1. Rounded to the nearest percent, how much of the accessible area of region 408-455 (1.4 Å probe, protein heavy atoms only) is carbon and sulfur?
2. With 10 Å bins from zero, work out the P(r) of region 262-421 over every alpha carbon pair and list the percent per bin.
3. Give me log10 I(q)/I(0) at q = 0.17, 0.24, 0.27 Å⁻¹ for region 275-348, Debye formula, one equal scatterer per alpha-carbon, no solvent.
4. For region 432-572, place one equal point scatterer on every Cα, skip the solvent, and apply the Debye formula. What is log10 of I(q)/I(0) at q = 0.14, 0.15, 0.18 Å⁻¹?
5. Can you pull the one-decimal nm distance between simple spin-label points at Gln69 and Asn297, each 7 Å off the Cα toward Cβ?
6. Phe29 versus Val399, label points 7 Å from Cα toward the beta carbon: distance in nm?
7. Note down the net charge around Ile460, summing +1 for each Lys or Arg and -1 for each Asp or Glu among other residues with Cβ under 12 Å from its Cβ.
8. Under 14 Å from the Cβ of Ala503, count the other residues' Cβ atoms, weight Lys and Arg +1, Asp and Glu -1, and hand me the total.
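The values are calculated or read from the model by the stated rules, or taken from the named source; none is laboratory data. Just so we're clear, the structure is a prediction, and the values are computed from it rather than from any experiment. For neighbour counting, all protein chains shown are included, and Cβ atoms are generated from backbone atoms with ideal geometry for every residue, glycine included. What goes into the accessible areas is simple: the full protein's heavy atoms, side chains included, and nothing from ligands, DNA or RNA. Shrake-Rupley method; radii C 1.70, N 1.55, O 1.52, S 1.80 Å.
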Amino acid sequence: MAPSSGSVHPARYLAVFAVLMAAVYALVFFTGDKSPTPKLGIDLQGGTRVTLTARTPDGSQPSQDSLKQAQQIIETRVNGLGVSGSEVVIDGDNLVITVPGDDSSQARSLGQTARLFIRPVLTAAQPVAGQPAPGEQAPANETPAPAAGEQAPVGESVPQGRPFPAQEPSAVDPVPAAPATGDPGSPEAPAAVGSPEVSEADEAANQITEAKALRQSEDPQVQQAALATIDCNAPDPLQGNDDPALPLVACSTDGASVYVLGPSIIDGQQIDDATSGFNSQQSRHEVSLSFDSEGSNTWAKFTGANIGKQAAFTLDSKVVSAPQIQGATPAGSATSITGQFTAQSASELANTLKYGSLPLSFASSEAETVSATLGLASLEAGLIAGAIGLVLVLLYCLVYYRALGLLTALSLVLAGLMVYGILVLLGRWINFTLDLAGIAGLIIGIGMTADSFVVFFERIKDEIREGRSFRSAVPRGWARARKTVLSGNAVSFIAAAVLYALAVGQVRGFAFTLGLTTILDVVVVFLVTWPLVYLCTKSKFWSKPGVNGLGAVAEVAQERKRAAARTTSSTVSADASTKGA
């Protein structure tokens with residue numbers, strides 16, 4: 001049934017769309033980096049490549065299963081939604097990571113093993129030579145106690161300096177050879193690995209063994225020796241290879257402090273989720289952790305029995321935070337890691353913890369610049385081809401639908417502007433990058449939007465052929481067309497969703513943009529095209545058959561009326577003749 005004239009409020013629909021458009025571009029120009037351009041993929045702007053070499057504790061060759069598991073975890077970290085355009089491939093015993101742009105820090109940070117453990121602090125932190133004492137920079141005791149019913153904060157104990165996870169280069173750099181002196185059985189002596197007969201893998205394994213003997217000893221005297229000799233500014237041989245069942249002498253992530261820690265009480269695998277956010281009350285960025293049932297119960301018991309003591313969060317054998325426990329955290333509640341975080345560093349740490357620990361430790365090579373495989377010239381060629389196709393469609397609409405073709409052009413322009421703004425925001429929010437496959441999805445989606453207009457206009461023609469006026473044909477035609485539009489777009493969206501779920505790589509970008517434009521097609525047709533066409537029925541100028549392009553259809557309707565009238569007249573005459581006879 002067609003909507004009654006009194007129930008249609010075209011100005012309201014147009015106002016809703018105007019508000020949506022204004023909101024999108026307000027976010028574009030007044031939030032984030034304020035750059036009004038979408039992020040481009042590797043095939044259009046090039047990228048940065050970093051090679052990660054796997055390291056095992058015993059120096060053996062890593063298994064292919066471990067490499068594949070590490071590949072999947074890193075892909076999830078960098079490309080959780082599958083639309084950032086990043087690539088992670090296995091090359092022998094290496095993982096090769098390629099990310100769009102020229103920022104190598106992102107690719108390097110992806111290779112963190114991210115082995116998180118929560119350990120009790122056994123001994124007060126001791127400063128590295130030349131550094132201030134930890135108590136001078138750790139404001140953990142200044143954290144206010146939580147109010148009743150609130151989550152107990154874990155305080156803040158990351159010393160001043162470079163914040164995690166803006167990683168130190170040593171966190172992923174190759175491990176240098178240790179000098180070959182001393183007795184290898186002594187915990188204070190370096191490993192004798194300088195012999196040319198010793199392979200690089202054996203050398204790394206020896207370094208890990210010696211580091212464990214010195215820094216994971218249960219002997220208090222050896223622990224004190226480790227405190228006195230550890231160099232927090234040198235590459236860490238352990239780097240995620242520490243034994244969680246043993247004590248650990250570890251540096252803070254900025255190298256300003258060292259701690260003697262007890263055996264692990266919670267493994268990072270027991271983390272159920274990790275998110276980052278801004279604490280408006282404390283005016284700082286935080287990383288919130290929630291544990292599974294076992295980890296949550298363990299944490300609740302530990303915090304309840306150790307109020308006033310410190311617990312250290314260690315990531316890859318370094319202390320991320322060693323907060324003072326202000327109160328017992330109930331089982332099932334989240335725990336926050338605080339420090340000198342920025343929004344980006346907090347988000348990076350949360351993603352690293354959320355997507356799991358790598359089964360291997362990695363050392364990274366120097367970053368390499370990767371040139372665009374297709375380049376901006378291909379982008380320009382693709383956009384020109386799309387523009388030519390769009391112009392041809394619009395010319396056809398103008399010739400076939402006359403003034404209604406102008407409404408098609410206006411709707412497509414508004415749809416394009418909305419898509420562009422959303423792509424810019426998605427680049428900031430979910431690291432979406434636009435490649436040629438994504439552009440193809442956009443062009444196909446916008447073409448489907450034009451199909452929706454054609455369905456609507458043809459329904460109007462059908463109503464006029466049945467003898468209705470332009471004013472009455474539009475609402476009736478819309479009532480019939482909207483079901484077809486919704487059905488067609490629903491099928492297209494389901495196809496895009498299935499393709500996105502099953503595909504990988506650039507095909508996912510194609511499916512993502514196709515699904516996005518399918519949704520916007522419905523928004524534009526319902527909030528822009530239909531109200532504008534309805535407003536045309538109120539105008540004498542737009543209602544003229546010569547203007548709206550419906551004159552030929554109206555002539556067909558008139559001819560049908562005349563033919564029906566002639567048929568009726570002939571029938572009446574025949575009946576009269578029969579009666580006269």
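1. Values: 1260 of 1560 Å².
Ligands and nucleic acids excluded, carbon and sulfur give 81 percent.
2. 8, 24, 19, 11, 14, 14, 8, 2, 0
3. Calculated log10 I(q)/I(0) at the listed q: -0.70, -1.24, -1.32.
4. -0.73, -0.79, -0.95
5. 2.5 nm
6. Going by the 7 Å Cα→Cβ label model, 3.9 nm.
7. In short, +3.
8. Numbers: positive: Arg508; negative: Glu75, Asp435.
Spelling it out: positives minus negatives among the neighbours equals -1.
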